[in-house]
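Asker: Mind having a look at this structure? Questions to follow.
Every number here is computed from the coordinates shown, using simple stated rules; none is lab data. Because the structure is predicted, anything quoted here is derived from the model rather than measured. Glycine gets a Cβ as well: all are built from the backbone with ideal geometry, and neighbour counts include every protein chain shown.
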Amino acid sequence: MDPSLILVPAVAVIAVGILTSLRVLYEYERGVIFRLGKLTGSKGPGLVFLVPFGVERMRKMDLRIVALDIAPQDTITKDNVSVRVNAVVYFRVAAPTTAVVEIEDYYFATSQLAQTTLRSVIGQSELDELLAQRERINEIVRVIIDEGTDPWGIEVTGVEIKDIDLPQEMKRAMAKQAEAERERRARVISAEGEYQASTKLAAAAEIIEQFPGAMQLRYLQTVVEIAAENNSTTLFPIPIELFKGFVETGRVASPEAKARALKASVDSMIEAMPKDEARTTLESAAKWIKSAKQESESKEPADDSES
């Protein structure tokens, strides 16, 4: 019998077994090796050789961080408010052999644990804490999930609450509360502004009281500001203080001073007129005075007789 008939098939079988026993693992992968069903450890990355013909088998494990989306959870907070919360959990396989041996499906188990933990933590928190202290809630949930998955060889790196959905009634109540708070702040700010303005006005009044001329300057400035508006007609009052000097002068002056002032004003008017017109005016005035005198004399006897 020709030995080549036996040698060639044997070499071919050995070559095929060697080729099929080679595995290539990426940098982020590890291979958990089982020899005849018994765990021998993990290998990788790079080229990995397995005992052929089914003696050793390998299961690949991905070590990259996985983003697990938690489905929206309907729960009730500590202050009896119904909310709907969803979140995302970031985790990775830290121990490949433990993740394969200790739990059947680490991905599904981590998802279920994250859902129950999120519902439990929200149930122990009030709505204001959930809205204002979201980072603290995230850290509490992460620590609890990490402690629960540590025996499985899973490391939880982060938890983030994505959305908190509130009932419409609660949204309207919160909107009213925010509106009331804004109105309160607006009123406080307005009151503070009025107080500061009154303080400044009181200080300005004290200064004007010491210097009365400042009021006239302020009045003239106001007139200039009104005129700058391009109005065709501008009406503005004249303070009575402007005529104070004239009124006081009129009260103090004697009859002789009044007569002299009247005569001076008449003389100035006559000088300003032409000569003929001045003469005519004087004659008319003399006739009017004479007629008025005669009428008064004629009325006096009649009055005496009636009495």
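Asker: Just add up the charged neighbours of residue 111: K/R +1, D/E -1, any other residue whose Cβ is under 12 Å from the Cβ of residue 111.
Answerer: Summing Lys/Arg as +1 and Asp/Glu as -1 gives -2.
Asker: Within a Cβ distance under 9 Å of residue 78, other residues only, what is the Lys/Arg minus Asp/Glu net charge?
Answerer: Computed value for this residue: -3.
Asker: What value in Å³ per residue do you get for the convex hull of the alpha-carbon atoms in the range 4-62?
Answerer: 64
Asker: With viscosity set to 1.567 mPa s at 4 °C, what whole-number translational diffusion coefficient in µm²/s follows for the range 117-223 from Stokes-Einstein and a Kirkwood radius over Cα pairs?
Answerer: 65
Asker: Once you charge only the Cβ atoms, +1 for Lys and Arg and -1 for Asp and Glu, what is the size of the charge dipole of the range 4-62 about its Cα centre, to the nearest 20 debye?
Answerer: Once rounded to the nearest 20, the dipole reads 220 debye.
Asker: Continuing with the same structure: To two decimal places, what compactness ratio does the range 35-163 give when its Cα radius of gyration is scaled by 2.2 N^0.38 Å?
Answerer: This ratio for the range 35-163 stands at 1.34.
Asker: Expressed in nm to one decimal, what extension gain is obtained for the pair residue 67 and residue 84 from 0.36 nm per residue of sequence separation less their Cα-Cα distance?
Answerer: My answer for the length gained is 4.1 nm.
Asker: With θ taken as phi - 60° and the coefficients 6.51, -1.76 and 1.60, list the Karplus ³J(HN,Hα) couplings across the range 189-198 in order, rounded to whole Hz; mark glycine and proline as x.
Answerer: 5, 5, 5, 5, x, 4, 5, 5, 5, 5
Asker: Moving on. With +1 assigned to the C-beta of every Lys and Arg and -1 to the C-beta of every Asp and Glu, and no other charges, what is the dipole magnitude of the range 19-109 about the Cα centre in debye, to the nearest 20?
Answerer: About 420 debye.
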